[in-house]
Amino acid sequence: MACANTSWSEENFSCSICLDVFSSPVSTACGHNFCRICITKFWDGQVKYKCPVCNKLFNTRPDLQVNTFLSELAAQIRTTVLVKEQPCVEPAEVPCDVCTGTQQKAVKSCLMCFTSYCQTQLGKTVTDVPQKIQERKQKIKEIKDTVELSNKDADREIAQGGQVFTALIGCVEKGRDEFNQTVKEKLKSTVKRAEDLIKELEQEIEDLTNRSSEVKRLSHTEDHLHFLQTFRSLKDPPPTRDWTTVEVRPPSYVGTLRRSLDQLEETLNMEMKKLRDAELKWVQQYEVDVTLDPDTAHPKLILSEDGKQVHDGGEEKELPDNPKRFTEYTSVLTRQSFSSGRFYFEVQVKDKTALWLGLARESIDRKGETEGTPETGYWTLYYDNDELVFSDNPSVDLPLRAELQKVGVFVDYDEGLVSFYDVEARVHIYSATGCTFTEPLYPILDPGDHEEGRNSAPLIISPVNQTD
């Protein structure tokens with residue numbers, strides 16, 4: 001039996017949108033080909049018209065030209081596929097159970113599972129096994145390399161952390177010693193004053209005692225002349241201090257400990273600033289380039305041509321029905337999603353009075369008013385009139401040190417971590433830990449309603465600007 005064969009590849013005659021052999025193929029001005037219905041539906045959901053392959057933008061919706069030559073080739077490919085699907089074996093021969101498409105004659109059969117193999121599959125198995133072994137050896141090497149790198153990272157972190165804690169412990173001990181020294185010096189000063197006063201009092205007591213003894217002795221003398229001469233000098237007592245106003249008070253330590261702790265706090269803040277800078281620089285290295293997806297944008301939203309900005313236009317546009325589009329919340333997702341590893345992006349929120357941003361899983365409800373919490377697939381910050389919360393049940397109120405300018409979002413998919421940062425203040429805002437991610441995650445932005453001139457500023461996906 002003759003077997004149909006062709007050197008053409010079906011992939012070369014497949015639409016890049018539906019991934020099937022072309023049906024009524026048409027060409028764009030940039031030279032790419034698509035099924036007419038595929039490209040038409042694709043452009044129906046676009047704000048700007050661009051080629052799905054090269055992203056070339058067109059100012060107006062292009063006129064599509066039928067590609068006659070490609071239509072004929074696609075028809076031949078379909079015919080060839082139908083022929084290839086017929087078994088290529090004689091009636092008395094056993095077909096291969098592994099072949100896809102054209103079935104070849106089997107040359108070996110398994111007596112246990114009764115599966116038959118042709119020569120080409122047998123050969124592929126012989127070739128595939130060493131390749132699979134090599135791939136698994138390579139994977140083992142990758143895992144070992146990762147473990148080795150993890151050990152080095154852990155050693156470095158322990159060393160750096162040890163230096164920080166040693167410095168902090170030294171700072172605490174220094175503060176304690178300075179505090180103790182201050183208290184002791186105050187006590188020493190008080191004791192010295194008390195001892196000096198006691199000596200002065202004892203001296204006056206001694207002088208008065210001697211005077212009293214002299215007066216008593218003189219009062220018993222029989223020598224009147226001596227009495228008169230001596231008494232004149234004893235009549236006026238020597239000058240003494242008025243001790244009624246003199247007192248020794250215990251030293252005051254009010255503010256002593258506070259001042260020591262203030263110094264310690266200043267040092268800690270300096271160390272914390274260094275750590276915050278280091279942490280932010282570390283997460284910023286995982287920056288990803290994301291753009292907003294107009295197919296998901298609520299009809300009130302207006303997106304910039306480059307897909308980096310979004311704001312509330314105030315009125316709903318007439319747009320095609322799209323299952324991906326938000327219809328209740330004024331939200332929009334990015335085109336890009338993430339299913340593993342780490343990623344980071346920044347959003348400028350300057351001059352906003354209300355906003356909502358963070359992460360959402362792929363299967364979220366885009367048509368209803370489902371509360372946006374981790375349980376329903378959202379990990380987001382909500383900001384409204386100087387109130388900042390992490391949307392959860394119950395919500396988590398967060399401190400707001402200053403007006404937000406730019407928010408950074410970091411995700412470690414495998415670790416189940418979502419962290420938010422105030423980029424300008426270089427401060428960690430909040431982290432959701434222990435999250436369970438089982439679906440692709442999309443960055444989500446919601447600029448909030450335009451309130452009569454207020455909150456009209458856009459949310460802007462910004463490139464990371466690392467500073468030393």
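The values are calculated or read from the model by the stated rules, or taken from the named source; none is laboratory data. Model, not experiment: these values are computed from the prediction. Glycine gets a Cβ as well: all are built from the backbone with ideal geometry, and neighbour counts include every protein chain shown. Ligands, DNA and RNA are stripped out before the accessible areas are found, and what is left, the full protein with its side chains, is counted by its heavy atoms. Shrake-Rupley method; radii C 1.70, N 1.55, O 1.52, S 1.80 Å.
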Tally, over region 430-465, of residues that are of a type in the set (S, T, N, Q) and under 16 Å from VAL409 (Cβ atoms): 4
Identify, please: which residue in region 309-362 is touching a Leu at 6+ places or on another chain (Cβ under 8 Å) and polar (S, T, N, Q) and is, among those, nearest to THR380 (Cα to Cα)? SER331
Could you list, ordered by first residue, the pairs with Cβ atoms under 8 Å in which the first is in region 412-431 and open to solvent by 20 Å² or more (accessible area, probe 1.4 Å) and the second is among the aromatic types (Phe, Trp, Tyr) and not in a strand (DSSP E or B), at least 6 apart or interchain? TYR413/PHE437
Out of LEU319, LEU257, I need the residue that is surrounded by 13 or more Cβ atoms within 10 Å (Cβ to Cβ), part of a loop (DSSP other than H, G, I, E, B) and modelled with pLDDT under 90. Which one? LEU319
Restricting the search to region 290-310, which residues are over 26 Å from ARG342 (Cβ atoms) and open to solvent by less than 10 Å² (accessible area, probe 1.4 Å)? ALA297, HIS298, LEU301
Looking at PRO320, is it touching a helix residue (DSSP H, G or I) at 6+ places or on another chain (Cβ under 6 Å), more than 30 Å from GLU178 (Cα to Cα) and not β-branched (Val, Ile, Thr)? yes
For region 168-176, check the following and say yes or no: at least one residue is aliphatic (A, V, I, L, M), over 54 Å from the mean Cα position of the chain (by Cα) and open to solvent by less than 90 Å² (accessible area, probe 1.4 Å). no
Can you tell me how many residues in region 73-98 are modelled with pLDDT of 70 or more, outside any loop (DSSP other than H, G, I, E, B) and farther than 21 Å from LEU19 by Cβ? 1
For VAL389: the one exception among (1) open to solvent by less than 30 Å² (accessible area, probe 1.4 Å); (2) touching a residue at least 60 places away in the same chain (Cβ under 8 Å); (3) outside any loop (DSSP other than H, G, I, E, B): (2)
So, first residue closer than 17 Å to TYR382 by Cβ and touching a residue at least 24 places away in the same chain (Cβ under 8 Å) in region 443-462, second residue outside any loop (DSSP other than H, G, I, E, B) and open to solvent by 20 Å² or more (accessible area, probe 1.4 Å), Cβ within less than 6 Å, six or more apart or across chains; the pairs are ASP446/TRP356; PRO447/HIS311
Can you name every residue in region 332-386 that is in contact (Cβ under 8 Å) with a residue 24 or more places away in the chain, in a loop (DSSP other than H, G, I, E, B), of a type outside the set (Asp, Glu) and open to solvent by 40 Å² or more (accessible area, probe 1.4 Å)? ARG335, GLN336, SER337, SER339, SER340, LYS350, SER363, LYS367, ASN385
Of the numbered conditions (1) open to solvent by 70 Å² or more (accessible area, probe 1.4 Å); (2) over 23 Å from LYS352 (Cα atoms); (3) in contact (Cβ under 8 Å) with a residue 24 or more places away in the chain, THR245 satisfies every one except a single condition; which is it? (3)
Determine the pairs where a residue that is in contact (Cβ under 8 Å) with a residue 24 or more places away in the chain and open to solvent by 60 Å² or more (accessible area, probe 1.4 Å), located within region 178-194, has a partner that is outside any helix (DSSP H, G or I) and of a type in the set (Val, Ile, Thr) with Cβ atoms under 7 Å apart, the partner being 6 or more residues away or on another chain. ARG193/VAL248
Just one of THR327, THR334 is closer than 29 Å to PRO394 by Cβ, out of contact with any helix residue (DSSP H, G or I) (no Cβ under 9 Å at 6 or more places or on another chain) and modelled with pLDDT under 95; which is it? THR327
Go through the residues of region 396-403 one by one and say whether even a single one is assigned to a strand (DSSP E or B) and crowded, with 18+ Cβ neighbours inside 10 Å. no
Number of positions in region 385-436 that are of a type in the set (Asp, Glu) and in contact with a Pro (Cβ under 7 Å, 6 or more places away or on another chain): 1
Test of understanding: among LEU333, LEU355, LEU398, which residue is of a type in the set (A, V, I, L, M, F, W, C) and more than 23 Å from PRO294 (Cα to Cα)? LEU398
